[in-house]
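Student: The structure follows.
The values are calculated or read from the model by the stated rules, or taken from the named source; none is laboratory data. Remember, predicted model here, so these are calculated numbers, not experimental data. So basically every Cβ, Gly included, is an ideal-geometry build from the backbone, and we count neighbours across all protein chains shown. Heads up: the accessible areas ignore ligands, DNA and RNA and are worked out on the full protein's heavy atoms, side chains in. Shrake-Rupley method; radii C 1.70, N 1.55, O 1.52, S 1.80 Å.
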Amino acid sequence: MQSIPNFESLLGHLADAPRRRVAVACPHDSHTVEAIEAALEKGFADFIFFGKADIIKALPLMDNYADRVELVGIDDTDEAARAAVEAVRTGRADVLMKGMLNTDNLLRAVLNKEHGILPAGNVLTHITAAQIPGRDRLLFFTDAAVIPFPTLPQRLAMVEAIAEVCRAFGIDEPRVALIHCTEKVSPKFPVSVDYTEIKEMAAQGRFGNIIVDGPMDVKVACDPHAGEVKGIVSPIEGRADALIMPDIESGNVFYKTLNCFAGALTAGMLAGTSAPVVLPSRGDSTRSKLCSLAMACLTAANR
């Protein structure tokens, strides 16, 4: 499979792939509905809606795509979340998507030890794909939304999850950069010590066919010239496909900086669950939600 360099290519790729079924909890807001309608039009997903029947029945897409949408009328938000998660847990749906409900409501259902979709021992993490003007391919990074201060086991899970997503996008040997403010390893920064262990495990084959290096800053990871100037020799060679952020603060600031100042288009999903979870922010655009849906459907198809 040829690698997918941008979201337009992703949507084109999915047009020729089998459709995935998406369970949506509370699709009551316009941006979510518009993203769903676009996915139906582009032909890569079918949907099961869990929410208020009177609102959902009034949507034009219920008539326009009657053979590809299903409605389960549930007025209570928490119950709608539980039912959508159950659809994924039992294999009735391939992807879970959040509509107009609080993230905490959906995550309670996702993380429920008896009826949720986070297998025991797995780590929940958030993965972003960013299409940045001037860059010839997507940039993936984690974690901007879930894990505040990752432990070493959590960082290992983050590398595994982001490598899986990269491979779904056709990147056979992902270049994963371990991000820090400097290239030096020091006990003053425990994250840099964790990075040393992660590199050793990568060299031993823990993550399969992959290139992992760090610590390094974002510029060295993504700009070949920066490494040359600083005299840094790295197998990443300034061409990172994915970045592992040291903590949620740096990941979140990076995410919002790309959006606000670099004109990036971003998509995101939760990984570690038994199926991808689209967990958009209320402020995300229709386009961003559509791309997040596409990212999740691609990942589900490659499991």
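Student: Does the range 102-112 contain at least one residue that is at pLDDT below 95, in a loop (DSSP other than H, G, I, E, B) and under 20 Å from residue 282 (Cα atoms)?
Tutor: Yes, there is a match, as at least one residue in the range 102-112 is at pLDDT below 95, in a loop (DSSP other than H, G, I, E, B) and under 20 Å from residue 282 (Cα atoms).
Student: Here are some conditions: (1) without any contact (Cβ under 8 Å) to a residue 12 or more places away in the chain; (2) touching a Gly at 6+ places or on another chain (Cβ under 6 Å). Residue 238 meets all but one. Which one does it not meet?
Tutor: Result: residue 238 passes all but (1).
Student: Could you tell me how many of the residues in the range 197-219 are without any contact (Cβ under 8 Å) to a residue 40 or more places away in the chain and either farther than 13 Å from residue 246 by Cα or of a type in the set (Lys, Arg) (or both)?
Tutor: 9
Student: Out of 271, 301, I need the residue that is open to solvent by less than 40 Å² (accessible area, probe 1.4 Å), among the small types (Gly, Ala, Ser) and in contact (Cβ under 8 Å) with a residue 24 or more places away in the chain. Which one?
Tutor: Of the residues listed, the single one that is open to solvent by less than 40 Å² (accessible area, probe 1.4 Å), among the small types (Gly, Ala, Ser) and in contact (Cβ under 8 Å) with a residue 24 or more places away in the chain is 271.
This table checks each residue for (1) in contact with a helix residue (DSSP H, G or I) (Cβ under 7 Å, 6 or more places away or on another chain); (2) over 30 Å from residue 34 (Cβ atoms); (3) surrounded by fewer than 21 Cβ atoms within 10 Å (Cβ to Cβ).
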position: 85; (1), (2), (3): yes, no, no
position: 138; (1), (2), (3): no, no, no
position: 161; (1), (2), (3): no, no, no
position: 182; (1), (2), (3): no, yes, yes
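Student: Continuing with the same structure: Could you list, ordered by first residue, the pairs with Cβ atoms under 9 Å in which the first is in the range 27-41 and over 14 Å from residue 52 (Cα atoms) and open to solvent by 10 Å² or more (accessible area, probe 1.4 Å) and the second is among the charged types (D, E, K, R) and assigned to a helix (DSSP H, G or I), at least 6 apart or interchain?
Tutor: 31/289; 34/289; 38/287; 38/289
Student: Only one of (1) assigned to a helix (DSSP H, G or I); (2) under 21 Å from the mean Cα position of the chain (by Cα) fails for residue 91. Which number is that?
Tutor: That leaves (1) as the condition not met.
To keep it simple, each residue is scored yes or no on (1) of a type outside the set (Val, Ile, Thr); (2) within 14 Å of residue 51 (Cβ to Cβ); (3) surrounded by fewer than 17 Cβ atoms within 10 Å (Cβ to Cβ).
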| position | (1), (2), (3) |
| --- | --- |
| 72 | no, yes, yes |
| 95 | no, no, no |
| 98 | yes, yes, no |
| 108 | yes, no, yes |
| 115 | yes, no, yes |
| 120 | yes, no, yes |
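Student: Taking the range 1-18 as the search range and keeping residues that are outside any helix (DSSP H, G or I) and touching a residue at least 40 places away in the same chain (Cβ under 8 Å), which one is surrounded by the most Cβ atoms within 10 Å (Cβ to Cβ)? Steps first, please.
Tutor: Step one: of the range 1-18, the residues outside any helix (DSSP H, G or I) are 1-6, 16-18.
Narrowing the set further to residues that are touching a residue at least 40 places away in the same chain (Cβ under 8 Å) leaves 1-6, 17-18.
Numbers: 1: 11, 2: 7, 3: 14, 4: 23, 5: 16, 6: 17, 17: 13, 18: 9.
Among residues in the range 1-18 that are outside any helix (DSSP H, G or I) and touching a residue at least 40 places away in the same chain (Cβ under 8 Å), the one surrounded by the most Cβ atoms within 10 Å (Cβ to Cβ) is 4.
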